[in-house]
1. Find the all-direction average of the projected area of the Cα convex hull for segment 61-260, expressing the result in square nanometres with one decimal place.
2. List the extent of the Cα atoms of segment 141-259 along each of their three principal axes, largest first, rounded to whole Å.
3. Here is the link list: 18/221; 74/102; 18/193; 102/161; 172/254. Which ones come out longer than 32 Å on Cα distance?
4. For the Cα atoms of the chain, what angle does the longest principal axis make with the long axis of helix 18-40, in degrees from 0 to 90, nearest 10?
5. Could you name the aspartates and glutamates whose alpha carbon sits less than 20 Å from that of residue 224, not counting residues in the same chain fewer than 8 places away?
6. Please work out the Cα center distance from segment 37-89 to segment 190-261, rounded to the nearest Å.
7. Determine, for each peptide in 192-200, 44-52, the mean count of other beta carbons within 10 angstrom over its residues, then list the peptides with the highest first.
8. Just need the relative contact order of segment 61-260 here, percent rounded to a whole number, with Cα pairs under 8 Å and 6+ apart.
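Derivation of every value follows stated rules applied to the coordinates shown; laboratory data play no part. Note that the coordinates shown come from a computational prediction; the quantities given were computed from them, not determined experimentally. Reconstructed Cβ throughout: ideal geometry from the backbone, glycine too, with neighbour counts over all protein chains shown.
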Amino acid sequence: MAQSTPVRRTPKKERDPKRIIAPLVVLAVLYIGLEIFLRVFNVAAYVMPTPTHIIQATISSFHIILPDFLFTLKIICVGFCIAIPAGILLAALFSQFDILVKAMQPVVIWLVITPMITLIPLMTLWLGTDPNLRVIIVIIQATPIICLNTLNGFTHVEREKLELARSVGASKLQTFVSIIFMNALPQVFTGIKLGCIFSTIGAVSADFVSRGQGLGDRIIKFTKYSNFEESYGCIILIALIGITLYTVVEMIEKRIVLWKK
């Protein structure tokens, strides 16, 4: 009786610890170096508080910051989640017609490069002062960059792949879903990751201009009353929101865009 040959399983690739350890080491070096520099040169707190004082003040005042933190987080997440399908759908529509690509690309680029903070006062007049309407500002800020990167992926597909799809009788929809969209996924995720950054910038810009609620407004209030440690703490919280969103998108990309590895 023939003996069956055991199937060898390829071990899963272990996570590279450098990806976690290296950033932590850099953060630790920056923390210690900044702490020593500020203490040795006795830098005034209104210029730059020490990292230890920032952390301590932020923790002690977090009950004050929390409502504004949650509000800004909500505005960023809701606007970002709407901007993703909006940007992809617009790019899909534009990519089907060359005339639309040529007509709309300058408009999309204009929206990307225009600082949204310059338009917020006008938009406040048009939309009203309801803080929840800041979601619209985030959508307008993030959608163009997602659309632009996605459109670049949709319009730069190898001709050989398209000709192969036609040769096997694939419909236009099948070609788009199976070849064009899959081929463009790296660019799509690049746009989404940039959308994280633009969403955070848009939400905080709206807080600064519209006031009344949000981390941007809280920074102004803390600075007005010389609570500089808490102001820097709010800035760190804003950065953490953006970094967390970016990391989540990057993790999803690694699970979906396997061929990018």
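1. Details: hull surface 50.9 nm².
Approximately 12.7 nm², given one-decimal rounding.
2. On the principal axes, segment 141-259 reaches 70, 26, 16 Å in Cα extent.
3. Numbers: 18/221 40 Å; 74/102 35 Å; 18/193 22 Å; 102/161 23 Å; 172/254 28 Å.
From the list (18/221; 74/102; 18/193; 102/161; 172/254), the Cα-Cα distance tops 32 Å for 18/221; 74/102.
4. Taking Cα atoms only, the helix is inclined about 20 degrees.
5. Straight-distance partners of residue 224: 68, 207.
6. Centre-to-centre distance over Cα atoms comes out at 8 Å.
7. On the way: 192-200: 23.9, 44-52: 14.3.
Highest-to-lowest ranking by the protection proxy: 192-200, 44-52.
8. Numbers: 228 pairs, mean separation 58.0, N = 200.
Averaging sequence separation for qualifying contacts and normalising by length gives 29 percent for segment 61-260.
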